[in-house]
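Quick notes on the structure that follows.
No lab work stands behind these numbers, since they all come straight from the coordinates. Because the structure is a prediction, the values reported are computed rather than measured. Heads up, the Cβs are rebuilt from the backbone with ideal geometry, glycines too, and the neighbour counts pull from every protein chain shown.
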Amino acid sequence: MLEPVFESISEYEPHLCYYAETLYKIADYEKAAKIAINLDESARSFEEWMNSIPISPMQIAAKSYRAIIRI
């Protein structure tokens with residue numbers, strides 16, 4: 001999986017949203033939410049993204065938590 005890549009990158013990398021989305025699609029909702037929140041936090045901590053915080057990570061986290069609630 002992409003976990004080693006995710007853990008080795010400290011900056012926000014938009015392509016890693018696909019990793020979180022894939023985890024969501026295979027019903028690993030808790031891990032998808034965790035990855036998505038980590039992506040959001042990393043985007044907020046880098047000046048490059050401060051003026052335009054991406055919404056994708058939080059959308060993935062939100063739908064993951066909704067899925068957990070449905071279960």
Considering only residues of the range 62-71 that are without any contact (Cβ under 8 Å) to a residue 40 or more places away in the chain and not β-branched (Val, Ile, Thr), which is surrounded by the fewest Cβ atoms within 10 Å (Cβ to Cβ)? 70
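In the range 61-71, which residues are in contact with a Phe, Trp or Tyr (Cβ under 6 Å, 6 or more places away or on another chain) and either charged (D, E, K, R) or under 17 Å from residue 16 (Cα atoms) (or both)? First the steps, then the outcome.
Applying the first criterion (in contact with a Phe, Trp or Tyr (Cβ under 6 Å, 6 or more places away or on another chain)) to the range 61-71 yields 64, 67-68.
64, the sole residue that qualifies.
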Filter result (of a type in the set (D, E, K, R), within 19 Å of residue 71 (Cα to Cα) and assigned to a helix (DSSP H, G or I)) within the range 7-58: 21, 25, 30, 31, 34
Kindly establish whether residue 53 is aliphatic (A, V, I, L, M), exposed (fewer than 15 other Cβ atoms within 10 Å of the Cβ) and within 14 Å of the chain's Cα centre (by Cα). yes
